[in-house]
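The values are calculated or read from the model by the stated rules, or taken from the named source; none is laboratory data. It should be emphasised that the depicted structure is a prediction, and the values quoted were computed from it without experimental measurement. In this analysis, Cβ positions are derived from the backbone assuming ideal geometry, glycine residues included, and neighbour counts consider all displayed protein chains. These area figures cover heavy atoms from the full protein model, side chains too; ligands, DNA and RNA do not enter into them. Shrake-Rupley method; radii C 1.70, N 1.55, O 1.52, S 1.80 Å.
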Amino acid sequence: SLSSNYEAQMKSLLRIVRIFCHVFRIGPSSPSNGNDMGYNGNKTPRSQVFKVRKVYDVVRKIDVKEMNFTKHAFINQTSHEQEPLELLWHSLDEWLVLIATELMKNKRDSANITSILLKQKGPDHQDAPPTPSFAAAGTESRKELSSDAGESKPYDVTGKQEACADCQDVISMTANRLSAVIQAFYMCCSCQMPQGMTSPRFIEFVCKHDDVLKCFVNRNPKIIFDHFHFLLECPELMSRFMHIIKAQPFKDRCEWFYEHLHAGQPDSDMVHRPVNENDILLVHRDSIFRSSCEVVSKANCAKLKQGIAVRFHGEEGMGQGVVREWFDILSSEIVNPDYALFTQSADGTTFQPNSNSSVNPDHLNYFRFAGQILGLALNHRQLVNIYFTRSFYKHILGIPVNYQDVASIDPEYAKNLQWILDNDISDLGLELTFSVETDVFGAMEEVPLKPGGASILVTQENKAEYVQLVTELRMTRAIQPQINAFLQGFHMFIPPSLIQLFDEYELELLLSGMPEIDVNDWLKNTEYTSGYERGDQVIQWFWDVVEELTQEERVLLLQFVTGSSRVPHGGFAHIMGGSGLQNFTIAAVPYTANLLPTSSTCINMLKLPEYPSKEILKDRLLVALHCGSYGYTMA
């Protein structure tokens, strides 16, 4: 429909489908008479409210004319087997196939236009930039189009360009409408599946129309939060779109995160709700950790999500100031060595779960509580005064660790793993096996990295597997119970589907906030090497650019070079490297076109090419900061 009132129509459609799904769910699943009847005595079998059947057995090869013929033939069918909503799903399928076909034709036409323009310009203009185009649909079912669809003639260039614009207009006009119908289709498929399972029919649907859906999301990523809720609920489908989502600005993703996290909750800024005395968390200052653990474990989770009220025993004060103080004190208590929950990293500024935390009989209960506190803090946008190792943030996000993460707890061991990967170990006689000695309460025990590991030698061919398994042992297996307990508490307030919108660096900023960075202190405690000196023009440009950066971009630069967003107590003079104190260092690199800066985080070194101008330096640096989170090297 081209109706200008389509938003109201889509809302009505989704409201009706929600009612259908509700009726379907509350109907008896196994009535005593053996017939699966619907709600309130309805004589329609519940299984027939929606009929889940495959609309297409094979993706058919069609063009616009064939689609119109097919659509009319389908509408004129009178088969009693046709279910009410199947007509809508069939139409949805046709529209998506039509758009995919147009996208493919548009890409081919754009390529032909570019070729024609290059020919008209002659050989002197061969380096002209190509005309932008949509991503192709790419499925085999759409390759057999009309034979004249791809032909392009010089006099037809204007018409082809207009067709390209028309294709964009069609997508703009239909994307939101079709996305709402896709949401309705997902709701209908889901209500017939057990809780936590995704409908195979819907998974097949997404895979079939993958390219069109990605086109929709690329053009308007917020569609995911408006209509594509299935991506947040289905990790196997979300992985297809994650690169698009993470390419969006951090600020936008934060807004989406909280918008979806608080969906359906009353707005505390608009409605004043008096605090119920029974909902106040009454804690003791002299035993704040244990008393807070006790009251939070007994509190109603749903009410804690809506708001927190804290009162210290024997004090009358309440309000947001008390809540902030409570989070601040608890964040320090969580890493109190008396509880043996966390140990300091090698640089002394971050914390990692203690593999020997079982010396505390309540350690798993306390880890669960620590997860609840961080989840609550994130839910209510309260900052905590605690920083974890990069690997622990990865565990929270479900991101696999790698050997570089070992540097946070044992820099020398990380260097040894790097050396194994970088060198041929065939004739070195290392005699390594797939088992390692590890410290368990002060005693060394041999632990196999995989079954029979003690009898499997490490070779040049399997050394990468060895390094990964060693990493997983030290960074994951050794603390798996602690990680699981922490996540159990954290996920009570923060769904895994939402937190995966961020990477480990962004999660640190969400939990602990944006640190203040003193640029003068930074400049004063920076060293130069490999040809650079303080007075060089490139260095002058660099510090001018740093002055121009936003606070967020300075934090990204600090993370990029040192692996941490924090300046230690005492300033930049106290930054730690892999082998102790190590100043921020800038090293010269010969310039080549489009070369990006790189870093070695173990020695806090920025490898800065000798750029010919300040503008190029700033452009390349910003590209590296926003796109190069994984481009680190080990010294």
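Go through (1) assigned to a loop (DSSP other than H, G, I, E, B); (2) open to solvent by 60 Å² or more (accessible area, probe 1.4 Å); (3) not aromatic (Phe, Trp, Tyr) one by one and return the number of the condition Thr459 breaks.
The number of the failed condition is (2).
Please indicate, with yes or no, whether at least one residue in the range 368-376 is at pLDDT 90 or above, open to solvent by 40 Å² or more (accessible area, probe 1.4 Å), out of contact with any Lys or Arg (no Cβ under 7 Å at 6 or more places or on another chain) and assigned to a loop (DSSP other than H, G, I, E, B).
no
Look at Glu412 and say whether it is open to solvent by 60 Å² or more (accessible area, probe 1.4 Å), among the acidic types (Asp, Glu) and not in a loop (DSSP other than H, G, I, E, B).
Taking the combined requirement at face value, the residue satisfies it.
Quickly run through the range 327-357 and pick out the residues that are outside any loop (DSSP other than H, G, I, E, B) and modelled with pLDDT under 90.
Result: Phe327, Asp328, Ile329, Ser331, Ser332, Gln344.
If I ask for residues that are in contact with a strand residue (DSSP E or B) (Cβ under 8 Å, 6 or more places away or on another chain) and within 26 Å of Gln559 (Cα to Cα), which ones from the range 474-505 would you list?
Of everything in the range 474-505, those that are in contact with a strand residue (DSSP E or B) (Cβ under 8 Å, 6 or more places away or on another chain) and within 26 Å of Gln559 (Cα to Cα) turn out to be Arg474, Ile479, Ile483, Phe486.
Collect the residues in the range 353-367 that are open to solvent by less than 10 Å² (accessible area, probe 1.4 Å) and closer than 16 Å to Tyr393 by Cα, keeping them in residue-number order.
Pro353, Phe367, listed by residue number.
Considering only the range 222-244, how many residues are assigned to a helix (DSSP H, G or I) and within 13 Å of Trp256 (Cα to Cα)?
Final tally of qualifying residues: 6.
Going residue by residue through the range 303-319, is there one that turns out to be within 30 Å of His574 (Cβ to Cβ) and either open to solvent by less than 30 Å² (accessible area, probe 1.4 Å) or in a loop (DSSP other than H, G, I, E, B) (or both)?
no
Give me the pairs, please: first residue somewhere in the range 619-633 and of a type in the set (Lys, Arg), second residue anywhere and modelled with pLDDT of 50 or more, beta-carbon distance under 8 Å, and either six or more positions apart or on two chains.
Note: pairs meeting the criteria are Arg620/Asn594; Arg620/Leu595; Arg620/Leu596; Arg620/Pro597; Arg620/Pro609; Arg620/Tyr611.
Give the residues of the range 282-330 that are among the hydroxyl-bearing types (Ser, Thr, Tyr) and within 20 Å of Leu378 (Cα to Cα), sorted by residue number.
Listed by number, the residues that qualify are Ser292, Ser297.
For the range 442-452, indicate whether the set of residues that are in a helix (DSSP H, G or I) and open to solvent by 30 Å² or more (accessible area, probe 1.4 Å) is non-empty.
no
Which one is farthest from Ile575 (Cα to Cα) among residues in the range 606-635 that are modelled with pLDDT of 90 or more and in a strand (DSSP E or B)?
Out of the qualifying residues, it is Pro609.
So that you can scan it fast, the table gives a plain yes or no per residue for (1) over 25 Å from Ser408 (Cα atoms); (2) not small (Gly, Ala, Ser):
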{"position": "Glu504", "(1), (2)": "no, yes"}
{"position": "Leu509", "(1), (2)": "no, yes"}
{"position": "Thr526", "(1), (2)": "no, yes"}
{"position": "Gly531", "(1), (2)": "yes, no"}
{"position": "Val538", "(1), (2)": "yes, yes"}
{"position": "Glu547", "(1), (2)": "yes, yes"}
{"position": "Phe560", "(1), (2)": "no, yes"}
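Just a yes or no: is a residue in the range 472-488 more than 30 Å from Gly375 (Cβ to Cβ) and either touching a residue at least 12 places away in the same chain (Cβ under 8 Å) or part of a helix (DSSP H, G or I) (or both)?
No.
Mind listing just one residue for me: the one in the range 462-504 that is of a type in the set (Val, Ile, Thr) and over 14 Å from Val436 (Cα atoms) and, of those, surrounded by the most Cβ atoms within 10 Å (Cβ to Cβ)?
The qualifying residue surrounded by the most Cβ atoms within 10 Å (Cβ to Cβ) is Ile494.
Can you tell me which residues in the range 505-533 are out of contact with any helix residue (DSSP H, G or I) (no Cβ under 9 Å at 6 or more places or on another chain), loosely packed, with under 14 Cβ neighbours inside 10 Å and on the phi < 0 side of the Ramachandran plot?
Listed by number, the residues that qualify are Asn520, Thr529.
Give the residues of the range 1-35 that are modelled with pLDDT under 60 and within 28 Å of Ser91 (Cβ to Cβ), sorted by residue number.
Ser1, Leu2, Ser3
Among what's in the range 193-215 and is buried (at least 18 other Cβ atoms within 10 Å of the Cβ) and modelled with pLDDT under 85, pick the residue that is nearest to the chain's Cα centre (by Cα).
Checking each candidate, the answer is Thr198.
Which numbered condition trips up Lys394, out of (1) among the charged types (D, E, K, R); (2) on the phi > 0 side of the Ramachandran plot; (3) assigned to a helix (DSSP H, G or I)?
Unmet for Lys394, out of (1) among the charged types (D, E, K, R); (2) on the phi > 0 side of the Ramachandran plot; (3) assigned to a helix (DSSP H, G or I): (2).
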